[in-house]
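Down below is the structure, laid out as structure tokens.
Values quoted throughout were computed directly from the atomic coordinates according to the rules given, and no laboratory measurement underlies them. Bear in mind that the values here come from a model prediction, so they are computed numbers and not experimental data. Please note: Cβ atoms are built from the backbone with ideal geometry, for glycine as well, and neighbour counts cover all protein chains shown.
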Amino acid sequence: MTAYVVQRLLLMLVTLFAIITLTFFLMHAVPGGPFTSEKMLQPEIQAALNAKYHLDDPLWLQYLNYLRGVLSLDLGPSFKYAGMSVNEIIAEGLPVTMKTGALALICVVALGVPLGIVAALNRNRWPDTLVMVIATIGVAVPSYVIATVALYVFALRLGWVPTFGLDDWRGYFLPVFALSGFWISFIARLARSSLLETLQQDYMMTAKAKGLKRGTVLFKHGLRNSLIPVVTVLGPVVANLLTGSFVIEQIFALPGIGRHFVLSITNRDYTAIMGITIFYAAVLMVMIFIVDMLYLVLDPRIKYRADAK
Amino acid sequence: MTDRMTDQTVAIEIAPEMWVPATRDGAAAEYIAAPSLTFWQDVRKRLWANKPAMLGLGFIILLVLAAIFGPMLSRHTYFEQDLKLSNVPPLFQTYAVTDSAGATTRFFFNSGNLNLYEVTPSGEVAGLLRPAKKDLIKKQQQFKFGDREVVLDTAKQQLSFADGAALAPGGWQWNMSNLLGTDQLGRDVLARQLYGARISLTVAFVATLVNFFIGVFYGGLAGYLGGKADTIMMRIVEVISTIPLTLYVILIMVVFNSGFLSVVLAIGSVYWVDMARIVRGQILTLKQQDYVAAARTMGASTPRILVRHLLPNSVGPILVTLTMLIPSAIFIESFMSFIGLGVTPPEASWGTLTSEAVETLRAYPYQLFFPAAAISLTMFAFNFLGDGLRDALDPRLRT
């Protein structure tokens, strides 16, 4: 167990190293420097800028410097926002993204799982059909379409919620809805099929035959076992909620990291792109790690070992 | 106890010939009542019986045909602009004005850009009507039809004659020159939609194919070699799968600059991990089979065993993964295009069409409908087909 956790942590470090390396060299493969623009800079200014940001160093030295920076949690200066560092950009956007992301995650779990359970327990009756129809639509319609349509109907036409920003608590409704829509549907479908499969297991019949109460059978034996596949996908769900925020934050004009990332792409702000990518990757790996550890609590049958040969 | 049983006992009449002992017939026991089906015949039969899956397949075939032949048949091209006829809706309410000389003019009012367009009797949009006089203070425009005068109140969005009598609409008319209307640059929406289908589907199919080859090659090799090589190769897969791949698609797009080829490259080079895992799992179980040992004793080479014996037998799960990869590739492509990293204008994909429609959402909300519907229906179709294929290929569900 401890050996497994240590191995996982080591693997995370390797992955992070690979990500930093890959991102660094990808960004340096982009033709043109960060200060190439329509307006030609005078060579002296160009040289001064390059010297200030150490862009005249050989590539390996730049790489080592960057690596050292990342290790000391310094992602460097932004090339486009003068006087602002990538750390500051992330610190500015993080609370917004985290808040909407966390709310969306709560929605996914709090709505997706019960919907799936209701559908499975009423198999082939109207609640099942209703949930499945909604879930199929939710999986098929892209989030940005849901977002724009919801924005048009609820904000522009009906005026129930503000069209942008999070100053008002009602402003959270639409972004969270658009962000979580796909995953609520996905989790509902998954929970339904998983619970249906569990209900057919022999131990369910044993539990029933022992004369346990319906609630006990369902919750202790049925649900707990059927939720394992749901927990498995929660890691990727967190990942996708974060990357999904690119579009959602853009549409609702929320000042989160996703919007900064898209902006830095359109501005070709390479250090910002690089820094935010690495930050994202690190957050996601930690999330996936936490989710993997959650299995242990949920399913005593799973025993993690460090690759026993 | 006995009393209750006798109460419920019902006399059943059994005919005497039922008591005759059965004859054992060796030939009859060997007779196979149902025709024997091979695995693939069985799969085809069950897939055929699955209505949503067949509906999905039918839709996909129609879509592919439309994407190939549609742009050839269309009167318009996807890039041809006509700024005078921009944002024309597919369906409008026409008005008719007859002057004293008897000449009738049919026209419609576009509430989005406050213009009047002349309409021919067959329903084609003939062109923009120029106001004779614009009164910006009163927010009114005057139009002259022969000797009649029509006043357009742009604030109230009302049409009336010069004497104040309101114009009565003369019924709905489908736009016959641009069946789905035009976009903000006056390009035909139908032509762009069909062209977008071409791009989106090509991106999806080619990217999936690239994924397929990388994944099958990688997973097949890892599974077949086994041992140390397998461990190392799967470790790499593990590392890759913890990386948020959408970010890498974006990074690759930034490096290669947006365009059709880089979208394909970016999506194709990143999403092969699942395929590799599935192929490896299949190969690992299959390579223990006797026929592989037989092939090896007869001197078949590793590539030959892999390509001729192992891969064909794992085609089922591969097929299911492929059908699920295509819609996610369409999704990713539209996602990329939406944040401005997709194909470059004037080329169109469903993603760019959606993002263009979102720009004009306030004035022309209906423009979002067509690209959004196209993506969603395609998603439905592929999901249904994939689910159906998985069910049909599942041996546990075999009857």
From the convex hull of the Cα coordinates of chain A, what is the mean projected area in square nanometres? 21.9 nm²
Number of Lys-Lys pairs in chain B under 27 Å by Cα, sequence gap 8 or more or different chains? 14
Förster radius 41 Å - calculated FRET efficiency between B:R75 and B:D147 (Cβ-Cβ, nearest 0.05): 0.70
Once the Cα atoms of helix A:43-52 and of chain A are each reduced to a long axis, what angle between those two axes, in degrees from 0 to 90 to the nearest 10, is obtained? 50 degrees
Spin-label model distance (nm) - B:V307 vs A:E88, 7 Å beyond Cα toward Cβ: 5.9 nm
Sequence-distant or interchain residues sharing an amide H contact under 5 Å with A:S85, placed H: which? A:S78
Place +1 on the Cβ of every Lys and Arg and -1 on the Cβ of every Asp and Glu in the protein assembly as shown, take the dipole about the Cα centre, and give the residue among A:M274, A:L190, A:V262 whose Cα lies farthest towards its positive end. A:L190
Hz values of 3J(HN,Hα) by residue in the stretch A:2-12 - Karplus curve (6.51, -1.76, 1.60), Gly and Pro given as x: 4, 4, 5, 4, 4, 4, 4, 5, 4, 4, 4
With +1 on the Cβ of every Lys and Arg and -1 on the Cβ of every Asp and Glu, the dipole magnitude of the stretch B:227-349 about its Cα centre, in debye rounded to the nearest 20, is 560 debye
Rule-of-thumb Rg ratio for the stretch A:222-266 [Cα; 2.2 N^0.38 Å; N residues]: 1.62
Tensor-based shape of the protein assembly as shown (alpha-carbon gyration tensor, a/c under 1.5 rounded, otherwise prolate or oblate): oblate
Averaged over residues of B:339-346, the number of beta carbons from other chains lying within 10 Å of each residue's Cβ is 2
Which FRET efficiency, nearest 0.05, do B:E118 and A:R170 yield, Cβ-Cβ r, R0 35 Å? 0.15
Under 27 Å Cα-Cα from A:K208, which lysines qualify once same-chain neighbours fewer than 8 residues away are excluded? A:K220
Using a 10 Å cut-off on Cβ atoms, rank the peptides B:277-289, B:114-126, A:58-70 from the highest mean neighbour count down. B:277-289, B:114-126, A:58-70
Roughly how tilted is helix A:59-71, in degrees to the nearest 10 and between 0 and 90, from the longest Cα axis of chain A? 50 degrees
At what distance in nm do the modelled label points of B:Q41 and B:S269 sit from each other, each positioned 7 Å from its Cα along Cα→Cβ? 4.7 nm
Positive-end residue, the stretch A:1-104 charge dipole about Cα centroid, Cβ charges, pick of A:A91, A:S72, A:L16: A:L16
Using a Gaussian network model on chain A with a 10 Å cutoff between Cα atoms, which of A:M205, A:M293, A:M98 fluctuates the most? A:M205
To the nearest 20 debye, chain B has a Cα-centred charge dipole, built from +1 on Lys and Arg Cβ and -1 on Asp and Glu Cβ, of 960 debye
Over all Cα pairs of the stretch A:153-281, the Kirkwood radius sets Rh, and Rg/Rh then becomes 1.18
So if each residue of separation counts as 0.36 nm, and I subtract the Cα-Cα distance between B:V64 and B:F161, what length gain in nm does that give? 29.9 nm
Relative to the Cα centre, what is the charge dipole magnitude of the stretch B:1-126, using +1 at the beta carbon of each Lys and Arg, -1 at the beta carbon of each Asp and Glu, and rounding to the nearest 20 debye? 460 debye
By how many degrees, 0 to 90 and rounded to 10, does the Cα axis of helix A:86-107 deviate from the longest principal axis of chain A? 10 degrees
Normalised Cα Rg of the stretch A:46-152, dividing by 2.2 N^0.38 Å with N its residue count, works out at 1.85
Could you list which residues have their amide H under 5 Å from that of A:Q201, counting only those 5 or more apart in sequence or on another chain, with H placed in the peptide plane? none
Whole-Å distance linking the alpha carbon centroid of the stretch A:116-165 with that of the stretch A:208-279 is 18 Å
Could you derive backbone 3J(HN,Hα) for the stretch B:186-193 from the dihedral phi with the Karplus parameters 6.51, -1.76 and 1.60 (θ = phi - 60°), listing whole Hz in sequence and x where the residue is Gly or Pro? x, 8, 5, 5, 4, 4, 5, 4
In terms of the ratio Rg/(2.2 N^0.38 Å) built on C-alpha atoms, what value belongs to chain B? 1.53
What is the set of long-range amide H partners of B:A126 at a cut-off below 5 Å, with H atoms built 1.01 Å from backbone N? B:E118, B:V119, B:T120
Assuming R0 = 51 Å, what is the FRET efficiency of B:A293 and B:M54, from their Cβ-Cβ distance, to the nearest 0.05? 0.80
Counting all Cα-Cα pairs in the stretch A:75-221, those more than 28 Å apart amount in percent to 42 percent
Translational diffusion coefficient, Stokes-Einstein: compute it for the stretch B:147-251 using the Kirkwood radius over C-alpha pairs as Rh, at 20 °C and 1.002 mPa s, and state it as an integer in µm² s⁻¹. 105 µm²/s
Name the residue from B:W272, B:L261, B:W350 whose Cα lies farthest towards the positive end of the charge dipole of the stretch B:251-399, charges +1 on Cβ of Lys and Arg and -1 on Cβ of Asp and Glu. B:W272
If you plug each phi of the stretch B:69-83 into the Karplus form 6.51 cos²θ - 1.76 cosθ + 1.60 with θ = phi - 60°, what whole-Hz ³J(HN,Hα) values come out, in order, with x for Gly and Pro? 9, x, x, 6, 7, 5, 6, 9, 9, 6, 10, 6, 9, 9, 5
Rough spin-label spacing in nm, given labels placed 7 Å along Cα→Cβ, for B:Y366 and A:V14: 5.9 nm
